[in-house]
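Here's the structure we're looking at; comments come further down.
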Amino acid sequence: MSSGNTAWVLVCAALVFIMTPGVAFFYGGMARRKNVLSILTQCFAIICLVSLQWVLFGYSLSFGPDTGYGIIGGLDWFGLRGVGQEPSAIYASTIPHLAFMIFQAMFAIITPALMVGAFAGRMKFSALVIFTLLWTTFVYDPIAHWVWGAGGWLGGIGALDFAGGIVVHVSSGISALVVAILIGKRVGYVKQAFAPHNLPITFLGGALLWIGWFGFNAGSALEAGGLAANAFVTTNTAAAAAGMAWAFMEWKMDGAPTVLGIVSGVVAGLVAITPACGFVSALSSIPIGLIAGIICYLAVARLKPLLGYDDALDVFGVHGIGGIWGTLATGIFAAVAINSGGADGLLLGNAKLLLIQVVYLIVCIVYALVVTWILYKVVDALVGMRVDKESELIGLDLTQHNESAYTVLE
Amino acid sequence: MKYIIAIIKPHKLDEVKKALEAVEVNLMTVSNVLGQGRQKGRTEIYRGAKESGGLLKKVKLEIGVNEYFVEPTIRGITEAAFTGEIGDGKIFVLDLQDVVRIGTGERGGKAIN
């Protein structure tokens, strides 16, 4: 066991944790003032719910001994039975099994929290609680097992996903789109554009996300070594390229670069580099980031109005599209020279990896789409997903939580 | 006595305040307000989505004055808030029935400043 690696992974777990409050601020600032508290409450509730689910059985389903065919882990580690202070026999052999478990817990937590932006301002809190527990169990846990679990079938075919481009971002981005379409548009959308109520809070959220992402990506090396450093550098570089790319797109298309744009671009770049960060060079991370900034801007500012769905805070446009691009980019730019456990990509003459990445994408997109659709219908039948129109107009803060963010009088 | 309500551009507030102090009108109530005139709102763009026709931010001044100060007040505001562009704002002058100073119970002209 290595104390250096243990310290690194525990610190990274804390860094990944801070991303979920970061997401809450990021979305909270973009929401209208009558809904900001509902976003914050939902994000903290998701932290609490998934933390409990993970320790009780989520970790076991994702990483527990495979039950055969690489589909799902068993319940052998229910309640963390056998997951202790000694390293696991299978995962991260130089750190306590508990350290690996809690690092992974933070990924399970942030994934459903990312989806909150899509249905902002119109989902019942009771529905959110049930939906989160079902979604993390039936969508996140299986996909995490397929890719990262020992014996998982997608890891077995050679798909590369260093820190969760698909497991976290594509799965949440696609599911968010499904929920946004099923729950319907906000009252007044498209005729009315909804202005963000506090962009400095969004900026704060974006900054917390950027910081936390160093833990997310560099921590995924699971040791304090060269690979972690590579992931750290590619993460920062891609984010920088994407932030400027989005801002320049806006400048050209809409007349001015905006703070919302540059923050959104940075997040899009962080998403795109996530699957690739431990397989590509710093130089490769520049085109990965630039293209992420451009296509995510186009998805959000052009594709969404064209198709007319109300993904309120653009979870699909940033995480879905950014994650899909990053997964493909891994197949293009990956190099064995960076990570001997990886593979060469298209640019180094290996088209097979890109093909595997495409299969990986299609399987996970179809699975997330279908299962999220089913879970939505189940929860809708149980408690009803959407608040009534009057509650929506008054705002979720008052109607779901009996409080408001900003008092007018002292 | 008159009650003067002036709607001005926010960035003109400091100049208007100085102009009013110069003619010894020191009491006023100021609030942030939203409104629109013939020029309509300024277009804002968020992630490529245009929000046009939004209301403009303005500042509202409310000032109660004796007859002697009415014209200096109007002149001070007009001169200081003027840019010549569209959207400089408006001044409304209303008859004021009575004023009560809460601290002393004084009424009318004596209570006004």
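The table that follows gives values for the structure above.
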| read-out | value |
| --- | --- |
| Positive minus negative residues near B:Thr83 (Lys, Arg vs Asp, Glu; Cβ under 12 Å) | -2 |
| Per residue convex hull volume, Cα atoms of segment A:6-159, in Å³ | 111 Å³ |
| Proxy reagent accessibility, fewest Cβ within 10 Å first, across A:Lys252, B:Lys90 | A:Lys252, B:Lys90 |
| Hydrodynamic radius (Kirkwood) for the protein assembly as shown, which is based on Cα pairs only, to one decimal in Å | 25.3 Å |
| Relative contact order for segment A:38-174, counting Cα pairs under 8 Å that sit 6 or more residues apart, in percent | 32 percent |
| Calculated FRET efficiency for the pair B:Ile86/A:Ser404, C-beta based, R₀ 45 Å, to 0.05 | 0.80 |
| Inter-site label distance for A:Leu56 and B:Glu67 at 7 Å from Cα along Cβ, in nm | 8.0 nm |
| Efficiency of FRET between B:Lys50 and B:His11 - r from beta-carbon atoms, R0 25 angstrom, step 0.05 | 0.55 |
| ³J(HN,Hα) computed for each position of segment A:277-282 - Karplus, 6.51 cos²θ - 1.76 cosθ + 1.60, integer Hz, glycine/proline x | 4, x, 10, 10, 7, 4 |
| Proximal lysine pairs, segment A:3-401, alpha carbons under 25 Å, eight or more residues apart or interchain | 20 |
| Charge sum, other residues only, whose C-beta stays under 11 Å from A:Gly64's C-beta, Lys/Arg counted +1 and Asp/Glu -1 | -2 |
| Angle in degrees between helix A:226-254 and the longest Cα principal axis of chain A, rounded to the nearest 10 | 30 degrees |
| Span from the segment A:1-75 Cα centroid across to the segment A:267-319 one, whole angstrom | 22 Å |
| Percent RCO, i.e. relative contact order, over segment A:268-410, from Cα pairs under 8 Å lying at least 6 residues apart | 20 percent |
| On Cα atoms only, tilt of B:67-81 relative to the major axis of chain B in degrees | 20 degrees |
| Contact order relative to length of chain B, as percent, for alpha carbon pairs under 8 angstrom and 6 or more apart | 41 percent |
| Lysines whose Cα lies under 24 Å from that of B:Lys60, excluding same-chain neighbours fewer than 8 positions away | B:Lys2, B:Lys9, B:Lys12, B:Lys17, B:Lys18, B:Lys40, B:Lys90 |
| Burial ordering of A:Ile39, A:Ile291, A:Ile374, fewest other beta-carbon atoms within 10 Å first | A:Ile374, A:Ile291, A:Ile39 |
| Proxy reagent accessibility, fewest Cβ within 10 Å first, across A:Trp135, A:Trp210 | A:Trp210, A:Trp135 |
| Inter-label distance, nm, simple model (7 Å from Cα along the C-beta direction), B:Gln97/B:Arg38 | 3.5 nm |
| Ellipticity estimate at 222 nm from DSSP helix runs (n ≥ 4, -39,500 (n - 2.57)) divided over chain B, nearest 500 | -7500 deg cm²/dmol |
| Degrees between helix B:13-22 axis and first principal axis of chain B (Cα, 0 to 90, nearest 10) | 20 degrees |
| Backbone HN-Hα couplings from phi across segment A:29-46 [Karplus 6.51/-1.76/1.60, Hz, Gly and Pro as x] | x, 7, 6, 7, 5, 7, 10, 5, 5, 5, 5, 4, 4, 4, 5, 5, 4, 5 |
| Net charge, A:Leu177 excluded, C-beta distance under 11 Å - Lys, Arg +1, Asp, Glu -1 | -2 |
| Farthest toward positive dipole pole in segment B:2-111 [+1 Lys/Arg, -1 Asp/Glu at C-beta], among B:Leu96, B:His11, B:Ile45 | B:Ile45 |
| Segment A:370-394 versus segment B:87-113: alpha-carbon centroid distance in Å | 54 Å |
| Test item: Cα-centred dipole of chain A, Lys/Arg +1 and Asp/Glu -1 on Cβ, debye | 720 debye |
| Rounded to whole Hz, the Karplus (6.51, -1.76, 1.60) HN-Hα couplings of segment A:202-208, x for glycine and proline | 4, 4, 4, x, x, 5, 5 |
| Mean residue ellipticity (222 nm) of chain A, computed from DSSP H runs ≥ 4 via -39,500 (n - 2.57), nearest 500 | -19500 deg cm²/dmol |
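A short reminder: the numbers here are calculations on the coordinates, not readings from a lab. Being a predicted model, the structure only gives us computed values, none of them experimental. Every residue, glycine as well, gets a Cβ built from its backbone with ideal geometry; the counts of neighbours run over all protein chains shown.
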